[in-house]
1. Would a scan of the range 393-404 turn up a residue that is without any contact (Cβ under 8 Å) to a residue 40 or more places away in the chain, acidic (Asp, Glu), open to solvent by 80 Å² or more (accessible area, probe 1.4 Å) and closer than 25 Å to PRO240 by Cα?
2. Identify all residues within the range 336-379 that are in a loop (DSSP other than H, G, I, E, B), open to solvent by less than 30 Å² (accessible area, probe 1.4 Å) and under 21 Å from ASN163 (Cβ atoms); write none if there are none.
3. Say whether the condition of being open to solvent by 80 Å² or more (accessible area, probe 1.4 Å) and in contact (Cβ under 8 Å) with a residue 12 or more places away in the chain is met by at least one residue in the range 408-415.
4. As an exercise: evaluate ILE87 against (1) surrounded by 14 or more Cβ atoms within 10 Å (Cβ to Cβ); (2) at positive phi and give the number of the one condition it does not meet.
5. So how many residues does the range 16-58 have that are modelled with pLDDT of 95 or more, farther than 24 Å from TYR193 by Cβ, more than 9 Å from the ligand (Cβ to nearest atom) and hydroxyl-bearing (Ser, Thr, Tyr)?
6. Determine the pairs where a residue that is within 17 Å of PHE34 (Cβ to Cβ), located within the range 65-83, has a partner that is open to solvent by 40 Å² or more (accessible area, probe 1.4 Å) with Cβ atoms under 6 Å apart, the partner being 6 or more residues away or on another chain.
7. Just one of the numbered conditions (1) surrounded by 15 or more Cβ atoms within 10 Å (Cβ to Cβ); (2) under 22 Å from GLY20 (Cα atoms); (3) within 16 Å of the chain's Cα centre (by Cα) is not true of ASP221; which one?
8. In the range 89-118, which residues are β-branched (Val, Ile, Thr) and either farther than 21 Å from GLY263 by Cα or within 10 Å of the ligand (Cβ to nearest atom) (or both)?
Amino acid sequence: MSGISNITKSNYKIAIIGLGYVGLPLLNLSTKYFNVVGYDKNPYRIDSLKKLKDYNKQIGISDLKKLNKKKIISSDINILKGCNIYIVTVPTPVNIRNQPDLKLVKNAFNTILKFLKKDDLIILESTVYPGATVEISKKIIEKNTNFILNKNFYLGYSPERINPGDKKNNIKNVTKVISASNKKSLNIVKNFYSTFIKNLHVAESIEIAESSKIIENIQRDVNIALINELTFLFKKMNIPMKQILEASRTKWNFLDFRPGLVGGHCIGIDPYYLAYQAKRIGAKSDLILAGRNINNLMINKVSSDIIKSIKKTKLSINAKILFLGLTFKENCPDFRNSKNIILFQSLLKKYKHIHAHDPYLNNSLKIEYKENILKKLTDLKQYDFIILAVKHNQYKTLYKKISDIPVYDMKYFFKNSSFYL
Ligand SMILES: NC(=O)c1ccc[n+]([C@@H]2O[C@H](COP(=O)([O-])OP(=O)(O)OC[C@H]3O[C@@H](n4cnc5c(N)ncnc54)[C@H](O)[C@@H]3O)[C@@H](O)[C@H]2O)c1
């Protein structure tokens, strides 16, 4: 990095490590401007990308063809030879005790270690608790080499904000927070991202950038928890939450959160990262964890409420029920940590004739729920009751076809559903 802050195709080779929801679009975009390679340790992922299949449905065939033509994706670590910038975009889940599981990030840093040269830069994009980027680099890089941060190697942290399934807010037009371990490396980080991202926000330190990402998701989680608690409180009073929110939303500064299940790998996970760090330093995170607990208990509450609603329509356990949507959120094929699947499983124990539909269903789910899967949205009149769990665009026009059937609408999606969460 010796003083060069202008990255060109000839003076820098950039690696993206982890080609999932975050890494692949970044590779696809940055390769248009820079000399970039993509490494994923999962050969199955690389194989399917080579067969022009992105199972996350983020990159189209023509872009995949271009990536393959350039021969820049591989599950062989040797593709990282000669790189000067390593961007890490691997998952950061929690373990069964809801503690941060940084195994994959550490694994990626250990891979980088094999190739790291003097003056190289590592940028982490994965969501972590404040302090983790420097902590991991010290544990892995400084401990195993004679390199010292900001003397022989540099760090950057830039959290990702992509929202798969969202066509409006995309990687190019969403403001990206960037940070680095010193001025020199910040110039490189800025130079890289500003080439293809319109707006950057420079955070004053790596810890500020790490914290900014984590509180974005904690703010959502806690607010959803509040609305979830209020929803069941008002259900007891027989006051419909949907209408309450419609009225409250007319105030200019009312925050527009809806009740629901919090699944996926960000909102329901990241609060545990900060709570873990809070515990380590002897600070409190009571509200953060209370929000998590409320949201975790929602599956049971929603399940009981659905069962109550089915009973209200005088249907028995022999009722024919259709469950719409199994992904953790709308319009994307992401089933990771989907609470909708767990909700469906719990209803499956009670009702014999329940089918699930999802436009993004993958083979393993099709195999797991074989006879309980509806492949095409035809013959809907056979159902006595419908549960709308995910507001996939494909369901928008459904309402006319099912207007005679009672619907439990978890998403306030249809205008005149019989029951709302
Ligand atoms: N998906 C999102 O919408 C989103 C949004 C913002 C932030 N994030 C954060 O970004 C990070 C990545 O999430 P994602 O959704 O892209 O994950 P993902 O599961 O879609 O992809 C991660 C990829 O990394 C690969 N991988 C794992 N360990 C590796 C290693 N050591 N070396 C090489 N490859 C490795 C996996 O095989 C996988 O293909 C997480 O910290 C997540 O919280 C995700």
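1. yes
2. Once the filter is applied, which keeps residues that are in a loop (DSSP other than H, G, I, E, B), open to solvent by less than 30 Å² (accessible area, probe 1.4 Å) and under 21 Å from ASN163 (Cβ atoms), the range 336-379 yields SER338, ASP358.
3. yes
4. If we test ILE87 against (1) surrounded by 14 or more Cβ atoms within 10 Å (Cβ to Cβ); (2) at positive phi, just (2) comes out false.
5. Residues meeting the conditions: 1.
6. Here the result reads GLY82/LYS13; CYS83/LYS13, each pair linking the range 65-83 to a residue that is open to solvent by 40 Å² or more (accessible area, probe 1.4 Å).
7. Going through the list (1) surrounded by 15 or more Cβ atoms within 10 Å (Cβ to Cβ); (2) under 22 Å from GLY20 (Cα atoms); (3) within 16 Å of the chain's Cα centre (by Cα), ASP221 breaks only (2).
8. Result: THR89, VAL90, THR92, VAL105, THR111, ILE112.
The values are calculated or read from the model by the stated rules, or taken from the named source; none is laboratory data. Everything numeric in this text was worked out from a predicted model, so none of it was measured. Using ideal geometry, Cβ is built from the backbone for each residue, glycine included, and neighbour counts are taken over all protein chains shown. Areas reflect the complete protein model, heavy atoms only, side chains present, ligands, DNA and RNA absent. Shrake-Rupley method; radii C 1.70, N 1.55, O 1.52, S 1.80 Å.
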